[in-house]
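What follows is one structure encoded as structure tokens, with my remarks underneath.
The values are calculated or read from the model by the stated rules, or taken from the named source; none is laboratory data. The model shown is predicted, which means the values in this text are computed figures rather than measured ones. Neighbour counts run over all protein chains shown; Cβ positions are idealised from the backbone, glycine included.
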Amino acid sequence: MSDQTSRDDKVKRALANIPYAAELGIQPILMGQELTLVLPYSPGIIGNPMLKALHGGAVGAFLETCAIVQLGIAGEGEELALPKPIGINIDYLRRGRPQDTYARAVIGRSGSRVANVRVKAWQDSLQTPISILHGNFLIAKATSKK
Amino acid sequence: MNEDKLKRLWDLAPMFVEGTPHAKFLGFKFVAIDIGRATLSLPYDERLIGNAQTKVLHGGVLTALLDQASGLAAVSSFDNTMPVATLDLRIDYMRAATPGKTIIAEAHAYKTTTHIAFVRAVAHEGDVDDPVASSQASFMTTSSGRKTFGTPLERTKAIKDLPPATDSKGGRS
């Protein structure tokens with residue numbers, strides 16, 4: 001398997017292991033080794049119908065999923081391990097409008113037990129994020145799957 | 001005077017849960033409200049699992065529940081029950097939620113200024129001393145003020161007028 005297809009496969013397996021991500025309709029986009037997740041707009045993720053604003057909880061869950069998948073696929077090889085959140089901080093910078101939202105995660109440090117991650121969610125441009133998460137995650141033991 | 005406000009809050013609060021599409025999507029239930037306090041619950045649902053192996057609820061589901069309960073506590077803490085937007089939210093996940101169990105979220109707006117409410121909340125499964133998660137958040141009143149609340153009728157209409165989903169494979173409406 002090439003690096004690209006194995007990475008692609010790993011992302012798909014990670015998302016398939018998260019039923020709630022499927023429920024939200026979260027899709028991956030891989031550009032080379034760079035992962036971006038998409039949260040497609042649907043009326044079910046609206047928090048304030050009068051403002052047509054996305055729910056902070058839906059955006060939060062999306063950011064957290066992005067961190068988990070990014071960490072889950074980080075290891076070399078085939079094994080997949082989904083980390084558990086320990087503590088997360090979310091800043092809400094702009095109102096989420098009723099359109100698709102994107103997220104990308106950057107791993108600050110990944111130790112043997114804990115990893116620190118930052119995730120940005122945006123709609124129009126990476127320069128105008130709607131929300132930013134930073135948090136610590138407990139590294140799970142790898143469950144090897146062939 | 002407080003009695004009037006409480007009565008208004010009890011009338012208004014269920015609409016905040018029922019009239020919030022994402023709260024409905026996740027199955028949040030309104031439990032109780034007081035000035036600066038709110039309690040919601042979330043029955044276990046397999047759609048909301050975060051790890052297919054362990055069947056534990058997704059952390060993001062708890063984020064949404066704590067955000068909703070905290071927002072409601074914030075709304076009820078302002079003199080004129082103003083609508084709010086979340087500024088920031090910190091969550092500590094103390095342990096995995098037990099598969100099959102209902103989660104209860106209790107929120108308390110312990111300090112409210114003219115435009116900002118500071119809220120603590122805890123999510124548990126019936127024993128508040130054995131929490132699943134706890135949170136600290138701040139909320140700001142929305143600048144567009146009162147009209148962003150809407151009456152139940154206006155909210156129902158607004159929900160009907162929401163644009164359709166962008167992706168047929170996406171979350172259901």
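Looking across the range A:99-121 at every residue that is part of a loop (DSSP other than H, G, I, E, B) and small (Gly, Ala, Ser), the one that is surrounded by the most Cβ atoms within 10 Å (Cβ to Cβ) is identified as A:GLY111.
Exactly one residue among A:PRO85, A:PRO129 is more than 12 Å from chain B (Cβ to nearest Cβ) and within 25 Å of A:LEU54 (Cβ to Cβ), and that residue is A:PRO129.
Each row is one residue, and each column tells you yes or no for (1) over 29 Å from B:THR141 (Cα atoms); (2) polar (S, T, N, Q).
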{"site": "A:ASN48", "(1), (2)": "no, yes"}
{"site": "A:LEU51", "(1), (2)": "no, no"}
{"site": "A:LEU54", "(1), (2)": "no, no"}
{"site": "A:THR65", "(1), (2)": "no, yes"}
{"site": "A:ILE68", "(1), (2)": "yes, no"}
{"site": "A:GLY75", "(1), (2)": "yes, no"}
{"site": "A:GLU78", "(1), (2)": "yes, no"}
{"site": "A:GLY87", "(1), (2)": "no, no"}
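The residue list A:ILE86, A:ILE132, A:ILE73, A:ILE45 contains one member that is surrounded by 19 or more Cβ atoms within 10 Å (Cβ to Cβ) and touching a residue at least 24 places away in the same chain (Cβ under 8 Å), which is A:ILE73. Does A:LEU126 satisfy the condition of being farther than 15 Å from B:GLY60 by Cβ and assigned to a loop (DSSP other than H, G, I, E, B)? Judged against the criteria, A:LEU126 is a match. From the list B:LEU42, B:LEU48, the lone residue that is free of Cβ contacts under 8 Å to residues at least 40 places away in the same chain, aliphatic (A, V, I, L, M), under 17 Å from B:HIS124 (Cα atoms) and touching a helix residue (DSSP H, G or I) at 6+ places or on another chain (Cβ under 6 Å) is B:LEU48. Of the residues in the range A:41-61, not one is more than 17 Å from A:TRP122 (Cα to Cα) and more than 8 Å from chain B (Cβ to nearest Cβ).
From (1) in contact (Cβ under 8 Å) with a residue 60 or more places away in the chain; (2) more than 30 Å from B:SER134 (Cβ to Cβ); (3) over 12 Å from the mean Cα position of the chain (by Cα), pick out the condition that doesn't hold for A:LEU80. Of everything listed in (1) in contact (Cβ under 8 Å) with a residue 60 or more places away in the chain; (2) more than 30 Å from B:SER134 (Cβ to Cβ); (3) over 12 Å from the mean Cα position of the chain (by Cα), A:LEU80 misses just condition (2). Of all residues in the range B:71-110, those that are closer than 13 Å to B:ILE33 by Cβ and small (Gly, Ala, Ser) total 8. Note on the range B:36-53: residues that are outside any strand (DSSP E or B), buried (at least 16 other Cβ atoms within 10 Å of the Cβ) and more than 9 Å from every other protein chain (Cβ to nearest Cβ) amount to 2.
Checked against (1) farther than 16 Å from B:ALA133 by Cα; (2) free of Cβ contacts under 8 Å to residues at least 24 places away in the same chain; (3) touching a helix residue (DSSP H, G or I) at 6+ places or on another chain (Cβ under 9 Å), B:HIS58 meets all criteria but (1).
Criterion applied to B:THR141, B:THR114 was being modelled with pLDDT under 95 and touching a strand residue (DSSP E or B) at 6+ places or on another chain (Cβ under 7 Å), and the one residue passing it is B:THR141. You will find that of B:ALA121, B:ALA85, B:ALA97, B:ALA73, the residue that is in contact with a strand residue (DSSP E or B) (Cβ under 6 Å, 6 or more places away or on another chain) and farther than 25 Å from A:LEU93 by Cα is B:ALA97 and no other. The residue of the range B:57-110 that is nearest to the chain's Cα centre (by Cα), among those that are facing another protein chain (nearest Cβ under 8 Å) and of a type in the set (Asp, Glu), is B:ASP67.
Of the candidates A:LEU37, A:LEU51, A:LEU30, the single residue that is surrounded by fewer than 24 Cβ atoms within 10 Å (Cβ to Cβ), touching a helix residue (DSSP H, G or I) at 6+ places or on another chain (Cβ under 8 Å) and assigned to a strand (DSSP E or B) is A:LEU30.
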